[in-house]
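Heads up: the structure comes next, in structure tokens.
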Amino acid sequence: MELATRRHASRTAVRSGRSTVLDAEGRRALLARSDLFAGLPAPVLDELAGRSNGRCLDSGELVFRKNDAADFAALVVEGVVYAILYGPDGRELIVDMAGSGQAIGEAALLGASCHHFTAVAAGMATVLLLRRVHLAGLLTEPQFLHRVMLLLAGRVSRTARALETMCLYSLESRLARYLLDASDRNGRERDAAQIQLPPTQGILASMLNASRPKLNALLQEWQRAGLISRERNVLRVHDFEQLRRKACAPERRF
């Protein structure tokens, strides 16, 4: 798949020699806009900005690997970072993602000993790395701790839903559920929804636990039936009622 981690990439972004040009003021502004740190007192944000490190990542570069020591979390500044699980045969499953302003690997802040998935940049991305040791004081604050737990609960819920869909539903239902969720995330009216697909069909296949040939065949079948239309990576749904019926068909076809 196109997102596969490159063998010559550094083991983690922490060890990468490249650093994005973000001064302390810019890092502070980014922290203040994030889901995790928005609303914190100015002195706290100033201290975090001074201790955080910015990194620019190429497509496919690692933020961290599964089972790496969980001594830091990452805040996505620009781009997208995917949470990926790998099978023994090298097959990839994308179980979650973090976009601008969202954290990934936040379990490290609660004392997790290791990361439970591999985090990979999808396209060019910029992240701020936040060491657990620098957040020790903040983690004693109940309000911040509650926020971290809420974000983690949301990730667990999304991951559980993704695994349920991938393991228990047919490919047709998996694709329908993905498109319905994407439409909801976009906040668009469903009778005029335009959905931005991942940059490659391989990435979408990894999100749906499918092979690219089977996914491509299904997309072409739906296009011929008039259910959807597609122009490059933009997909338009023309019949949401039919899509909802397909999403609710639970039988898994192997």
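Below are the figures for this structure:
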quantity: Residues satisfying the stated conditions in segment 91-105, i.e. over 23 Å from residue 47 (Cβ atoms) and surrounded by fewer than 17 Cβ atoms within 10 Å (Cβ to Cβ); calculated: 91, 99
quantity: Checklist (1) touching a residue at least 24 places away in the same chain (Cβ under 8 Å); (2) more than 20 Å from residue 185 (Cβ to Cβ); (3) open to solvent by 20 Å² or more (accessible area, probe 1.4 Å); (4) among the hydrophobic types (A, V, I, L, M, F, W, C) applied to residue 108, failing item; calculated: (3)
quantity: Of all residues making up segment 169-181, the number that are out of contact with any Asp or Glu (no Cβ under 7 Å at 6 or more places or on another chain) and either assigned to a loop (DSSP other than H, G, I, E, B) or modelled with pLDDT under 85 (or both); calculated: 1
quantity: Residue within segment 50-67 that is out of contact with any strand residue (DSSP E or B) (no Cβ under 9 Å at 6 or more places or on another chain) and either open to solvent by 20 Å² or more (accessible area, probe 1.4 Å) or not β-branched (Val, Ile, Thr) (or both) present; calculated: yes
quantity: Total residues in segment 77-134, condition in a strand (DSSP E or B) and not hydrophobic (A, V, I, L, M, F, W, C); calculated: 10
quantity: Filter pass, residue 205 being part of a helix (DSSP H, G or I), crowded, with 19+ Cβ neighbours inside 10 Å, touching a helix residue (DSSP H, G or I) at 6+ places or on another chain (Cβ under 6 Å) and not hydroxyl-bearing (Ser, Thr, Tyr); calculated: yes
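The values are calculated or read from the model by the stated rules, or taken from the named source; none is laboratory data. Keep in mind that this is a model prediction, so the values were computed, not measured. So basically every Cβ, Gly included, is an ideal-geometry build from the backbone, and we count neighbours across all protein chains shown. Accessible surface is based on the protein model in full, side chains and every heavy atom, while ligands, DNA and RNA are left aside. Shrake-Rupley method; radii C 1.70, N 1.55, O 1.52, S 1.80 Å.
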